[in-house]
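Written out below as structure tokens is the structure these notes cover.
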């Protein structure tokens, strides 16, 4: 099985999510691929089944943000000042258990972030809050998500289709709690609660070290190469991402 690496690219939210879906075609042929990318403008991505009514669309637009729907589940993520990763593999290559496969991929991220000198580890228990208590992804922690000092530093989600695993996630360089909270339909008391929750339970790269996107990319590439004992080969073909645009646009 070959492991491909995509060229780093900064794109719109719709193109980014469509490209993640298009990557699954590679895994259907029996290979794996990793893509690290950025966002042209800050973008709020909603989980595949998340209700739009949870989002303050007017304020999102007033802030100049885009919106897109992820092919994976989970809650809303604000992609702003971050490095985003997406990885696709044949299901047979990882554990049949979603949690165990999530842990295998998280291990690659942990190994990479440790190269930057970050004291990261995988969570061993879930948040006490229910998944539905918050519309914001970073407000809750699932098993094997990546932490520093009890705070979540990477938010990830996984989906499976046609024998293929797609997992993608957000590695924030800077935190933007105020902008993030404004994106939700919340009264003042609930907005304050979410702000406190995010401040207490989340962190970002620049809270711990001074670096840049290129160094983070290099570290993540190392983590995947080491963990999966493979050499990443440049993917030279063009993904047919445009045919997936309708699946990731916000229609509702």
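The values are calculated or read from the model by the stated rules, or taken from the named source; none is laboratory data. None of the values given here were measured: they were computed from a predicted structure. Positions of Cβ are generated from backbone atoms using ideal geometry, with glycine treated the same way; all protein chains shown enter the neighbour counts.
Here's the yes/no breakdown for (1) part of a loop (DSSP other than H, G, I, E, B); (2) at pLDDT 95 or above; (3) crowded, with 17+ Cβ neighbours inside 10 Å:
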| residue | (1), (2), (3) |
| --- | --- |
| 210 | yes, yes, no |
| 215 | no, yes, no |
| 238 | yes, no, no |
| 245 | no, yes, no |
| 251 | yes, no, no |
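Could you say which residue among 247, 179 is farther than 25 Å from residue 35 by Cα and in contact (Cβ under 8 Å) with a residue 40 or more places away in the chain?
On the way: 247 fails: farther than 25 Å from residue 35 by Cα.
Being farther than 25 Å from residue 35 by Cα and in contact (Cβ under 8 Å) with a residue 40 or more places away in the chain holds for just one of 247, 179, which is 179.
This table checks each residue for (1) in contact (Cβ under 8 Å) with a residue 24 or more places away in the chain; (2) surrounded by 22 or more Cβ atoms within 10 Å (Cβ to Cβ); (3) touching a helix residue (DSSP H, G or I) at 6+ places or on another chain (Cβ under 7 Å); (4) closer than 21 Å to residue 153 by Cα.
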residue: 4; (1), (2), (3), (4): yes, no, yes, no
residue: 7; (1), (2), (3), (4): yes, no, no, no
residue: 36; (1), (2), (3), (4): yes, yes, yes, yes
residue: 49; (1), (2), (3), (4): yes, no, no, no
residue: 66; (1), (2), (3), (4): yes, no, yes, no
residue: 87; (1), (2), (3), (4): yes, yes, yes, yes
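Among the numbered criteria (1) under 19 Å from residue 84 (Cβ atoms); (2) surrounded by fewer than 17 Cβ atoms within 10 Å (Cβ to Cβ); (3) at pLDDT below 95, which single criterion is violated by residue 174?
Going through (1) under 19 Å from residue 84 (Cβ atoms); (2) surrounded by fewer than 17 Cβ atoms within 10 Å (Cβ to Cβ); (3) at pLDDT below 95 one by one, residue 174 breaks only (3).
Would you confirm whether any residue within the range 183-200 is in a strand (DSSP E or B) and closer than 30 Å to residue 23 by Cα?
Looking through the range 183-200, none of the residues is in a strand (DSSP E or B) and closer than 30 Å to residue 23 by Cα.
Within the range 149-158, is even one residue over 18 Å from the mean Cα position of the chain (by Cα), more than 23 Å from residue 76 (Cα to Cα), at pLDDT below 95 and in a loop (DSSP other than H, G, I, E, B)?
yes
Could you tell me which of the residues 113, 118 is more than 18 Å from the chain's Cα centre (by Cα), farther than 30 Å from residue 57 by Cα and modelled with pLDDT of 95 or more?
Unique residue meeting the criteria: 118.
Say whether the condition of being surrounded by fewer than 21 Cβ atoms within 10 Å (Cβ to Cβ) and more than 17 Å from residue 171 (Cβ to Cβ) is met by at least one residue in the range 105-123.
no
Is it true that some residue in the range 188-198 is under 18 Å from the mean Cα position of the chain (by Cα) and either surrounded by 15 or more Cβ atoms within 10 Å (Cβ to Cβ) or over 22 Å from residue 38 (Cβ atoms) (or both)?
Within the range 188-198, one or more residues are under 18 Å from the mean Cα position of the chain (by Cα) and either surrounded by 15 or more Cβ atoms within 10 Å (Cβ to Cβ) or over 22 Å from residue 38 (Cβ atoms) (or both).
Within the bounds of the range 89-98, is there any residue that is in contact with a strand residue (DSSP E or B) (Cβ under 6 Å, 6 or more places away or on another chain), surrounded by 18 or more Cβ atoms within 10 Å (Cβ to Cβ), at pLDDT 95 or above and within 30 Å of residue 179 (Cβ to Cβ)?
Within the range 89-98, none of the residues are in contact with a strand residue (DSSP E or B) (Cβ under 6 Å, 6 or more places away or on another chain), surrounded by 18 or more Cβ atoms within 10 Å (Cβ to Cβ), at pLDDT 95 or above and within 30 Å of residue 179 (Cβ to Cβ).
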